1. Looking at (1) assigned to a helix (DSSP H, G or I); (2) more than 12 Å from the chain's Cα centre (by Cα), which is the one condition that is false for G22?
2. Of all residues in the range 3-19, which are exposed (fewer than 12 other Cβ atoms within 10 Å of the Cβ) and more than 11 Å from the chain's Cα centre (by Cα)?
3. Return the residues of the range 25-59 that are surrounded by 13 or more Cβ atoms within 10 Å (Cβ to Cβ), assigned to a loop (DSSP other than H, G, I, E, B) and touching a Lys or Arg at 6+ places or on another chain (Cβ under 7 Å); say none if nothing qualifies.
Amino acid sequence: MRKTTACRSCGAEIIFLKTEKGKLIPVDAETVTEGDELFDSKGGHVSHFATCDDPQQFRRSN
Ligand SMILES: [Zn+2]
């Protein structure tokens, strides 16, 4: 199993994946499959920015 992190804002389980540009972004854990390393929205990954109750918090702490 992949190690998940609880979102500091809403408590959802998230996993950090890299984008093609090498930036780490939070992704909803349920959309990540074992072995995934790069964020791929076409592959079904959903950025937690899109689903979080308070995504502003992420952007600021980045
Ligand atoms: Zn959240």
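Every read-out reported here was derived from the displayed coordinates using simple, explicitly stated rules and does not represent laboratory data. Because the structure is a prediction, the values reported are computed rather than measured. Here the Cβ positions follow ideal geometry from the backbone for every residue, glycine too, while neighbour counts run over all protein chains shown.
1. The number of the failed condition is (1).
2. Selection gives K3, G11.
3. V32, F39, listed by residue number.
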